[in-house]
Amino acid sequence: MDLESDFQVNEEKIEENAVCISRQEYETLKKKAEEAEELRDKYLRLKAEFANYQKFIERQKSEYLKYGTERILKELIKIYDDLKRALKDLKDPELAHGLKLILNNFSTLLKREGVEPIEAEGKMFNPDIHECMMVERDPSFPDGAVTEVLEDGYYLNGKVLRPSKVKINK
């Protein structure tokens, strides 16, 4: 083979758009490509973490909006219970009528805020929603049944706001 034919063979092996660079330039570019890939991976991880953080914040915000009024509602329920007790002892029909109107408005407000009463009387005792204050023996009730509600309990958006204080059969 002569030099000219050898040159043509090498020329055929090289692609048309290929660029020849020195070994040092190749190593430098290879390191930069590896660094770029590492940075890309870090970026993708940070992007995923940030998306998760945003979702977490949205869930927290939703929880705050849903249960942010819990403390004030607990206090309002105490007042509501006092008004119900006062109505039972009230003898004056005009005052009783006015107090019933106030209680109806109060009840509407509590429902609008997500407060619902816990049904307890006649149900089986559940320590998650009931607080046993007294025990009695009554053959007309099954063992472990709530025989009397001493203080109403309430849910706030499905979560126990205040457990019912009850008397149970044993």
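The values are calculated or read from the model by the stated rules, or taken from the named source; none is laboratory data. Since the structure is predicted, the reported quantities are computational estimates derived from the model, not experimental observations. Positions of Cβ are generated from backbone atoms using ideal geometry, with glycine treated the same way; all protein chains shown enter the neighbour counts.
For residues that are among the basic types (Lys, Arg) and within 17 Å of Asp152 (Cα to Cα), scanning just the stretch 95-139, find the one that is modelled with the highest pLDDT.
Lys111
How many residues are among the acidic types (Asp, Glu), in a loop (DSSP other than H, G, I, E, B) and over 10 Å from Val166 (Cβ atoms) if we restrict to the stretch 104-146?
Count: 5.
Which of the residues that make up the stretch 147-170 are assigned to a loop (DSSP other than H, G, I, E, B) and at pLDDT 90 or above?
Asp152, Gly153, Pro163, listed by residue number.
Please go through the stretch 1-46 and give me each residue that is modelled with pLDDT under 85, of a type in the set (A, V, I, L, M) and within 60 Å of the chain's Cα centre (by Cα), ordered by number.
Ala18, Val19
Looking at (1) at pLDDT 90 or above; (2) surrounded by 10 or more Cβ atoms within 10 Å (Cβ to Cβ); (3) under 25 Å from Pro163 (Cα atoms), which one does Glu63 not meet, given that it meets all the others?
Against the list (1) at pLDDT 90 or above; (2) surrounded by 10 or more Cβ atoms within 10 Å (Cβ to Cβ); (3) under 25 Å from Pro163 (Cα atoms), Glu63 comes up short only on (1).
Taking the stretch 125-142 only, how many residues are within 28 Å of the chain's Cα centre (by Cα) and of a type in the set (A, V, I, L, M, F, W, C)?
2
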